[in-house]
Amino acid sequence: MTAQKDKKTATSSQDGDGKWLDAFYDPVANLYTFTQCMCFGDIHADGELKLVVAHLGTSSKDMKLKVFKGGNLMTENTLIDLPTGVVSFYMDQNMPRTPAIAVASGPHIFVYKNMRPYFKFTLPVLEVNAVEEDLWRQAREEKIDIGVLHEMIEELRQQGIELTPRSIKFLTLDPREMEAFAQIHKYGTLKRQTVITCIATLNKSMAEDDAISCLVIGTEANLIYVLDPEAFTILATMRVPSVPVFMSVNGLFDVEFRIIVTCRNGTIYTLKRGMDSVSSGIELNSQPLAMSRVGKHMIVGCMDNTLRSYTTKGKKHWSIKLQSDITAVGVMDHKQQGFKATVIGLADKTVCIYRDKFLINKFTTPDVVKAILFGRFGREDGSLVMVMKGGGLLVKILKRTATFEDKGIQKGGPPPVQTLKLDVPKKTKLFVDQTIREREHGIVMHRQFMHDLQRLRLNAAKSYAESLMKSENPISNSHTEPLKLNAVVNGIGPTFKLKINLQNTSQSDPVIDMCIGFSYESSLYNIHRKHILCPMLVPGVMYTFETLVDCISDKGISDTIKVFVLKRDKSIPLISANINMPVSEPALVA
């Protein structure tokens, strides 16, 4: 009784801020669907848009295509396979302008006109692996037994080869059932058929809402197809690195278009006209749950409860953390008000509306929202249709006087600071004289500047060459002994600890016959280990050598100690470093 009362009576109850009207609610509508399986369409060309829902049933049976007018179920058609998407598109110029409904189901696209079956498109059959086909041929000719067939097919699977459904089913059977399965199916033709994972529309040559549109479909075989709306032939084929799950399409097929694809590997790819494949994309930190396009940005909801925005070039715009798990994402495009936002359904029975990263509206629902769609429903432009987790159907209408504002949103136009006048000081006589001088002697000043610049570059090059000749760099330039030197001084005096870090930067070759020496002022310092022999230096390992340094002067001055790394039988050091010793504490000097 309650359901019938809710179904027949449209109440005018409002949410907390008075922006929405509760037009219809049926808690026992028994709908099981997602956002991709819902669309609006003027299927009878009467100016009143209907709600088309692909009901998933029990995922194995009772799949139906339902059409709602207002809150009433008009028609329903039985689907033979699980639907993955529903779109409304115009396929011809016939009058009256009646759109067709395309339902992606398994490897097929079922096209309905006036809600009657019109055409069925089947995906092209994929190429079967030659080895797999030869194995089933040998089994048919009884050249190999069932055990060898199972072993060889399992080896193909481990090699990463895409198998046919027959072989995949054969590998999952018990050994007792393999014989009967092979006897039944080995005489049939071996086929590898993919299925559709997502579907969208792309205007062909004109940008009007009722212009002829092409169908864009993504498949389990990592392929994107663009279909001609009249002949249902494949106009373009593109490949992505992973299975596409969400798509956003804009542009015109005959001019320029962009297809943004979110794949199962957690990466977003962008395809353009003329591209056959794509390799690089936007990698997400978490698996995507839904994707929508708002203006020039992509809004992605992820499993880590974050809502993220990316530009079409892959730059991250912003990211916000939501209060609960994301269950549905939709686009709120109110063309009459020029308003675009993102509608988010959350697991805590809350629906949030974001413009960019700012929350502008929020209301609660009787149940968790699993599918959400905004657009023109009937004759109301601002209708928000939601399908609940328990199968209920809720319709809200945006009030014509409703406005959305947020303190964090900046209005269009220049910022207020730009209108303030700057307190620019008056030009002084010195400034005027300098300007006249630069105008009259500009060429001479530029020549002098370039002369000084070239001299600076020359001096820098000479110093660099001199340091290479004297091996004064901490990194060796030798190809046979690539070494890296670093020295650290510890202590406050009069005894210091000198730590020398030496590393072989070669990829695979060790360095042998190396030693470390020092050059210092003997009247100021005394080094305990004046000569350190180095063991074989293994590539990538940091070796540390230590020695004590005594300050023997009481004058309170310091000097530089030079560290050399030398090769046996060579007088020129490979690398060197200068250590600026700190001043020893006067009170502690002996």
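The values are calculated or read from the model by the stated rules, or taken from the named source; none is laboratory data. Remember, predicted model here, so these are calculated numbers, not experimental data. Glycine also receives a Cβ, built like all others from the backbone with ideal geometry; neighbour counts cover every protein chain displayed. Note: areas computed on protein heavy atoms with side chains; ligands, DNA, RNA excluded. Shrake-Rupley method; radii C 1.70, N 1.55, O 1.52, S 1.80 Å.
Assorted remarks:
- Accessible-area value, residue 585, 1.4 Å probe, nucleic acids and ligands omitted, Å²: 80 Å²
- Between segment 156-227 and segment 306-341, the alpha-carbon center distance in angstrom: 32 Å
- Counting only alpha carbon atoms, the long axis of helix 130-140 and the longest principal axis of the chain meet at about 50°.
- Each Lys and Arg contributes +1 and each Asp and Glu -1, all at the Cβ; summed about the Cα centre of segment 427-545, the dipole is approximately 460 debye.
- Cut-off 13 Å between beta-carbons: net charge of the residues surrounding residue 258, Lys and Arg +1, Asp and Glu -1: +4
- Within the chain, the proportion of C-alpha pairs whose separation exceeds 39 Å stands at 56%.
- Taken per residue, the accessible surface of the chain reaches 55 Å², heavy atoms only and a 1.4 Å probe.
- Reachable aspartates and glutamates, given that their alpha-carbon falls under 14 Å from the alpha-carbon of residue 69 and they are not under 8 places away in the same chain: 26, 42, 46, 48, 380
- Each other residue within a Cβ distance under 12 Å of residue 171 adds +1 if Lys or Arg and -1 if Asp or Glu, for a net charge of -3.
- Three semi-axes describe the equivalent ellipsoid of segment 80-189; taken as square roots of 5 times the Cα gyration tensor eigenvalues and ordered largest first, they are 42, 13, 12 Å.
- Coupling constants for segment 334-343 follow from the phi torsions by the Karplus curve (6.51 cos²θ - 1.76 cosθ + 1.60, θ = phi - 60°), and in residue order they are 9, 5, 5, 9, x, 10, 10, 8, 10, 9 Hz; glycine and proline get x.
- Share of carbon and sulfur in the accessible area of the chain stands at 52%, probe radius 1.4 Å.
- Segment residue 571-residue 316, length gained on full extension (0.36 nm per residue, minus Cα span): 86.2 nm
- FRET efficiency for the pair residue 178 and residue 277, taken as 1/(1 + (r/R0)^6) with r the Cβ-Cβ distance and R0 = 51 Å, rounds to 0.85.
- Average Cα contact separation per residue, the chain, under 8 Å, 6 or more apart, as relative contact order %: 9 percent
- Förster-model FRET efficiency, 56 Å R0, residue 258 and residue 522, C-beta, rounded to 0.05: 0.15
- Dimensions (Å) - segment 177-314, Cα atoms, principal axes, largest first: 57, 42, 25
- Tilt relative to the chain, helix 175-185 - C-alpha long axis, 0 to 90 degrees, to 10: 60 degrees
- Taken about its Cα centre, segment 210-317 carries a charge dipole of about 580 debye when Lys and Arg each add +1 at the Cβ and Asp and Glu each add -1 at the Cβ.
- Neighbourhood net charge (13 Å Cβ-Cβ; Lys/Arg +1, Asp/Glu -1) for residue 110: +3
- Extension gain from residue 578 to residue 536, taking 0.36 nm per residue of separation minus the Cα-Cα distance: 12.7 nm
- Subset of 66/120; 484/570; 66/335; 19/335; 120/204 violating a 24 Å alpha-carbon distance limit: 66/335
- Under the Karplus curve 6.51 cos²θ - 1.76 cosθ + 1.60, θ = phi - 60°, whole-Hz ³J(HN,Hα) for segment 87-104, x wherever Gly or Pro sits: 9, 10, 8, 9, 10, 7, 9, 5, 9, x, 6, 10, x, 9, 10, 10, 10, 7
- Here residue 316 is the anchor, and the aspartates and glutamates within straight C-alpha reach of less than 20 Å, apart from those fewer than 8 places off in the same chain, are 283, 304, 356.
- For segment 299-375, applying the loop criterion from DSSP together with a ceiling of 13 other beta carbons within 10 Å to the trypsin sites (Lys or Arg not before Pro) yields 313, 315, 335.
- Taking all protein chains together and a 1.4 Å probe, the residues 541, 245, 216 rank 541, 245, 216 from largest to smallest accessible area.
- Relative contact order of segment 293-363, pairs being alpha-carbon contacts under 8 Å that are 6 or more residues apart, as %: 21 percent
- Residue 555-residue 543 pseudo-label distance in nm [points 7 Å out on the Cα-to-Cβ vector]: 3.6 nm
- Stretched out straight at 0.36 nm per residue, the stretch from residue 64 to residue 148 would grow longer than its current Cα-Cα span by 25.9 nm.
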